[in-house]
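Trainee: Pasting a structure below so you can have a look.
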Amino acid sequence: MTVLVVGAGFSGAVYARVLAEAGHEVRVIDKRPHLGGNAYDFTDENGVRVHAYGPHLFHTKLSHVLDWLRPFGRFLPYTHKVRARLHDGRLVPLPINLDTVNEVFATAYETPAQVSEHLARIALPIAEPRNAAEHLYAKIGQELTDLFFRPYTKKMWQMDLEEMSAAVVKRIPLRMDREDTYFASDETQIMPADGYTALFERIFEHPRIKVELSASFDKSALRDFTFCFNAMPVDEYFGCRLGELPYRSIRFHKRMEPDGPAPAAPVVNFTDAGPFTRETVWDALPNHRVRETGRRSVTKEEPCDYRDNGMERYYPVKTADGRYQTLYEEYRLLARDEPNMAFIGRCGTYQYLDMDQVINQSLAGAQRWLAQNREA
Ligand SMILES: Cc1cc2nc3c(=O)[nH]c(=O)nc-3n(C[C@H](O)[C@H](O)[C@H](O)COP(=O)(O)OP(=O)(O)OC[C@H]3O[C@@H](n4cnc5c(N)ncnc54)[C@H](O)[C@@H]3O)c2cc1C
């Protein structure tokens, strides 16, 4: 069969490769001038590898995802750490751990039991939290919530914690010990040694895959294909006829500076009420210093509405009342009736997905489609 894949990010890449290996002819289009979707990276004028859409750290528990990915590149072990900058400039571990608690409350706890007792004392008795604020209050009390989550959430989502679903903060880990790695619960934390773009080049390198960049989806192209896997925003496909599915976006502010001492961590989050959420020093990530130039590159992130950033869709908006998830369900029903098309990936299914989750879902989707078409 001849298959059209819209989007050269991880979802499209997995579908394209799996279907090509199964014998189908695949055409991939992307409206951007590069491969890799939001994981795209490049080497800048300072000789530093920069991720164009914010730092992408690969972490997973899923061994079959790794088995699929490994043949396409060399990977370096990398354990990611993040620090939070407090109002007075002190840097503390994030997620909150024993040392964070000691810094904030000027305590000298040595054991997880002491930290648990402290948090149990300051937690508010809320039996059934109805939103993100109540969930955090019930877990870590008001002071830590207001320090680490209230201003950050406001600038990230333009919403108060009270307006947000508890689901958004439920996944945030809390450590009673000194564990200070960001993705401690995932056994595998790696980075592609030559960057994500090189990884994508190898995934798409197959005689039955043709890639066309700077090419936007157009419905008239469908007549040339038996099926289409589509990573474009599902509401945009339907002309937003039921309303818009909103996203938060990020403006990236890059600066160049002379090389300095290694930072406390490659990524520092800002807890203040200013416009920026975090900063990445790129050469502090493994193999990101590609050429010695004596200069380095640093990117600060400023969240905004996607309509104020060229419709760049990054994070689906989750409110406490779930209204956009309900709207997405309506689009999903419309999409089900679209002949010979499946919506895939982050914007096709209106979910925030890490890279390993996108690969996992796309592998499963591609295998399902192959099985159905073998039967047919
Ligand atoms: C700031 C940020 C940081 C992140 N950090 C991490 C991280 O540390 N670890 C992690 O695991 N994940 C991270 N992610 C998530 C990661 O980016 C996603 O999992 C991944 O990009 C999803 O791949 P995708 O194919 O679904 O979407 P995308 O990568 O967005 O690819 C979709 C592609 O479709 C193209 N497209 C859209 N509409 C059209 C159209 N009409 N015509 C043609 N092409 C079209 C787009 O140009 C895009 O290239 C991060 C995401 C963001 C936004």
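Please treat every number below as a calculation from the coordinates, not as lab data. All of these numbers come straight from a predicted model, not from anything done at the bench. Here the Cβ is made from the backbone with ideal geometry for all residues, glycine too, and neighbour counts use every protein chain on show.
Trainee: When the helix-only estimate is applied to the chain (DSSP H runs of n ≥ 4, each -39,500 (n - 2.57), divided by the residue count), what is the mean residue ellipticity at 222 nm, nearest 500 deg cm²/dmol?
Mentor: Counting only the DSSP helices, I get -9000 deg cm²/dmol.
Trainee: Continuing with this model, one more query. At q = 0.07, 0.08, 0.11, 0.12 Å⁻¹, what is the base-10 log of I(q)/I(0) for the chain according to the Debye formula with one equal point scatterer per Cα and no solvent? Please give it to two decimals.
Mentor: Taken in order of the listed q values, log10 I(q)/I(0) reads -0.35, -0.46, -0.86, -1.02.
Trainee: Grab the Cα-Cα distance for Asn287 and Ile172, subtract it from 0.36 nm times how many residues apart they are, and report the gain in nm with one decimal. Display every interim value, and only then the final one.
Mentor: Numbers: separation 115, 0.36 × 115 = 41.40 nm, distance 2.83 nm.
Result: 38.6 nm gained on full extension.
Trainee: Next question. So for Ser116, Ser11, fewest C-beta neighbours within 10 Å to most, what's the order? Working shown, then result.
Mentor: Details: Ser116 13, Ser11 30.
In increasing order of surrounding Cβ atoms, one gets Ser116, Ser11.
Trainee: Roughly speaking, what is the stretch gain from Arg332 to Ala127, that is 0.36 nm per residue apart minus the C-alpha to C-alpha distance, in nm to one decimal?
Mentor: Numbers: separation 205, 0.36 × 205 = 73.80 nm, distance 3.42 nm.
Stretched out fully, the Arg332 to Ala127 stretch lengthens by 70.4 nm.
Trainee: How many angstrom lie between the C-alpha centres of segment 232-272 and segment 105-165?
Mentor: Comparing the Cα centres of segment 232-272 and segment 105-165, I get a distance of 25 Å.
Trainee: Quick check: pseudo-label points 7 Å beyond the Cα along Cα→Cβ at Glu212 and Glu110, how many nm apart are they?
Mentor: Result for the modelled spin labels: 6.9 nm.
Trainee: With labels modelled as points extended 7 Å from the Cα through the Cβ direction, what inter-label distance (nm, one decimal) is found for Ala364 paired with Asp272?
Mentor: Going from the Ala364 label point to the Asp272 one covers 4.4 nm.
Trainee: Additional query: With each pseudo-label sitting 7 Å past Cα toward Cβ, what's the Lys219-Glu375 distance in nm, one decimal?
Mentor: 3.0 nm
Trainee: I'd like the distance separating the alpha-carbon centroids of segment 28-47 and segment 289-337, in whole Å.
Mentor: 17 Å
Trainee: P(r) tail for segment 82-170, what percent of Cα pairs lie past 17 Å? Write down the numbers at each step before the final one.
Mentor: Numbers: 1949 of 3916 pairs.
It works out to 50 percent of all Cα pairs.
Trainee: Moving on. Only residues of segment 21-59 count here: report those whose backbone N is under 19 Å from the spot 7 Å along Cα→Cβ of Met1, or say none.
Mentor: Flagged as within label range: 21-29.
Trainee: Could you sort out which of Lys155/Lys254; Lys155/Lys300; Lys170/Lys318; Lys61/Lys139 sit more than 24 Å apart by Cα distance in this structure?
Mentor: Lys61/Lys139
Trainee: How much length, in nm to one decimal, is gained on full extension between His87 and Ser185, taken as 0.36 nm per residue of separation minus their Cα-Cα distance? Walk me through the intermediate numbers first.
Mentor: On the way: separation 98, 0.36 × 98 = 35.28 nm, distance 2.90 nm.
Separation in residues times 0.36 nm, less the Cα-Cα distance, equals 32.4 nm.
Trainee: Computed FRET efficiency, Cβ-Cβ of Glu45 and Cys240, R0 30 Å: what is it to the nearest 0.05? If you can, show how the numbers build up before the last one.
Mentor: Numbers: r = 39 Å, r/R0 = 1.29.
Given R0 = 30 Å and the Cβ-Cβ separation, E is 0.20.
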